[in-house]
1. Run through the DSSP bridge list for the chain and note the antiparallel percent, rounded to the nearest 5.
2. Give me 139, 224 ranked fewest to most by other Cβ atoms within 10 Å of their Cβ, as a rough exposure proxy.
3. Using a Gaussian network model of the chain with C-alpha springs under 10 Å, which one of 15, 39, 127 is most mobile by mean-square fluctuation?
4. Across 5 Å bins from 0, what is the distribution of all Cα-Cα pair distances for region 1-101, in whole percents?
5. Relative contact order (percent) for the chain, with alpha-carbon contacts under 8 angstrom and 6 or more residues of separation?
6. Taking a temperature of 37 °C and a viscosity of 0.692 mPa s, what whole-number D in µm²/s does Stokes-Einstein yield for region 187-300 with Rh from Kirkwood over alpha carbon pairs?
7. Return, for the Cα atoms of the chain, the radius of gyration and Dmax in Å, separated by a comma.
8. Only Cα pairs within less than 10 Å get springs; with that Gaussian network setup on the chain, which residue of 330, 148, 191 has the largest fluctuation?
Ligand code: SAH
Ligand code: SF4
């Protein structure tokens, strides 16, 4: 498979252009076409000499994500199902501003992106892992999710557009779509470098949140990366007993290892970690759980995001009643923990990761 142009950094392109005897300013022009103008063909890059465009086309692919399906909720959360070059499906979700979530009040839109096709970790409650893991996404496939949403946004008629005046719609990224990002570590970091770079998508590292189910060694590795990403841990249980029931990854990296890695991360980065805690009826929503959760959160200087479970077709788990969620939230706050209870946006559009893909693949299989 030839390399895709959007999986290369500026330095790599400069090295290649040098061997071709092309001046460095041509790289600047190329990057402008790719990331500022979000060009979809080599032909469109009109200020590059034809011969250079030909050489680029012979050497690299310029893959564009195809929009297979889109759903939009009433609150304007938009869910995109993309088809990749090999026919596989992945999802990205565009979520309008919610200042209490991961960023500051000025943040406008967050794009939730995928890093793998399927997931190998098989958390019992999650749609992404139901059909197992297919493959890692390439760097360009991670990067393209942002560009493709920006292209979609730019093509909207003004009245329908989310932010009619803004040139860019995505100013926050959460790596919380399908897949375990830290299991595709190298491609993830390179993609985020490109998305962060001033010559790339220009999204601040502090506006990028990586979510992991708890791969302790990779959390330690992430701690020494120069970029200041935010880190979220999918905790969902404050004891090994609860976690073992719903997250097989906990057998490999039990809580003492996971929290040890988080502590190191916190020390090196000096940044607050977020603990994600899905509330699932009868599994982890009893008030007894708030004590170990509070102890853990305080030890890690972490805040807690409570998320009522989103029903997944074919799985037995259910969301607790609103009062149960509210009581759990209040009990945590009483224990001096910073906690938010997230009223799931886009719950009516299969917003939990992997659900739209699963539905589409099952529909396709049935129609065969
Ligand atoms: N693999 C990574 C990132 C993708 S999952 C991780 O596990 O952190 C993103 C988040 O969605 C995780 O916190 C995951 O536990 C949560 N999630 C998965 N299925 C869900 C569901 N049905 N309802 C609510 N949250 C869900
Ligand atoms: Fe994979 Fe995350 Fe879903 Fe677990 S919650 S199966 S790690 S995507």
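1. Numbers: 19 of 42 bridges.
Just about 45 percent of them are antiparallel.
2. Details: 139 24, 224 10.
Neighbour counts put them in this order, fewest first: 224, 139.
3. The residue that fluctuates most here is 15.
4. In order of increasing distance, the bins hold 2, 10, 18, 19, 14, 11, 11, 8, 5, 2, 0 percent.
5. Numbers: 652 pairs, mean separation 55.1, N = 368.
Averaging sequence separation for qualifying contacts and normalising by length gives 15 percent for the chain.
6. On the way: Rh = 15.0 Å.
After rounding, the answer is 219 µm²/s.
7. 21.1, 69
8. Checking each option, the largest mean-square fluctuation is seen for 330.
Quick note: the coordinates plus some simple rules give every number you see, no bench work behind them. All figures in this text were calculated on a predicted structure; none of them were measured in a lab. Positions of Cβ are backbone-derived with ideal geometry, glycine not excepted, and every protein chain shown enters the neighbour counts.
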